[in-house]
Amino acid sequence: IDFPVEKRQFPHPYAAEMLAAGIMDSEIFTYGVFRTDTFQQLGQCKADYEVIHQSKGFAFIEDLLNEGMTIDSCGALKNGQVIFANINAYETEIVPGDYVKRYYQFVTSHNGQYGLEFFSSLTQMVCTNTIRHAMQTAKAKLKFYHTKNADVRLQNAAEMLALAGNEARSFDDKLRFLATKRITADMANLVLDRLIGEVSDEDKTARRKNMREAILTAPDNSD
């Protein structure tokens, strides 16, 4: 996924007509982001857009790898429009006997969808949906826009990501604390209302009622 990317200028399809009519539009010449190995256009941008190559993200996580972490997986979507990486941070036990992986992650894009974004989550990114979920559940994120000052901001990003990691560990501690607490009937109903939806006598189908009962009567559930 270390393919070359460039911003190239190209004219508006009606540039000649606009100039002939005396229309001076600031967007009469627009720009696109292209892969120069396959010549595919990845996105469209404005004059002040600066390409941040995905290698910036990998260079940034080298410090984490030197500390003993490893890249779990990485990849590109939509012919290289979106690039992501999952770095193994640590494994933690939230519920006794149930271990989950915590990841340090980054996402960037060449189609304007994302900047260069670093965060930590429990969701391994493998597709568009898991990228969206990981970013939504991250407690703290670092985001660098595709502008000229991005390189300057990246110089201090390692310390900022360490703070994000501390925030993630604090969140894990809160989850462990909650895992030790017994849930009340009222709280169970509140969770099921948010998860599945409320059940009323006017409902024409028993689908939601059956789903709620299946959860409450599951063998792993306590009383």
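Using only alpha-carbon positions in region 169-208, the gyration tensor eigenvalues give semi-axes of 31, 11, 6 Å once each is multiplied by 5 and square-rooted (largest first). Using a Cα-Cα cut-off of under 26 Å, which lysines could be cross-linked to Lys181, ignoring same-chain neighbours fewer than 8 residues away? Within reach: Lys101, Lys139, Lys209.
Counting only residues at least eight positions apart within a chain, or on another chain, the lysines with an alpha carbon under 23 Å from that of Lys148 are Lys7, Lys46, Lys56.
Throughout, read-outs are computed from the coordinates displayed, never taken from laboratory work. Because the structure is a prediction, the values reported are computed rather than measured.
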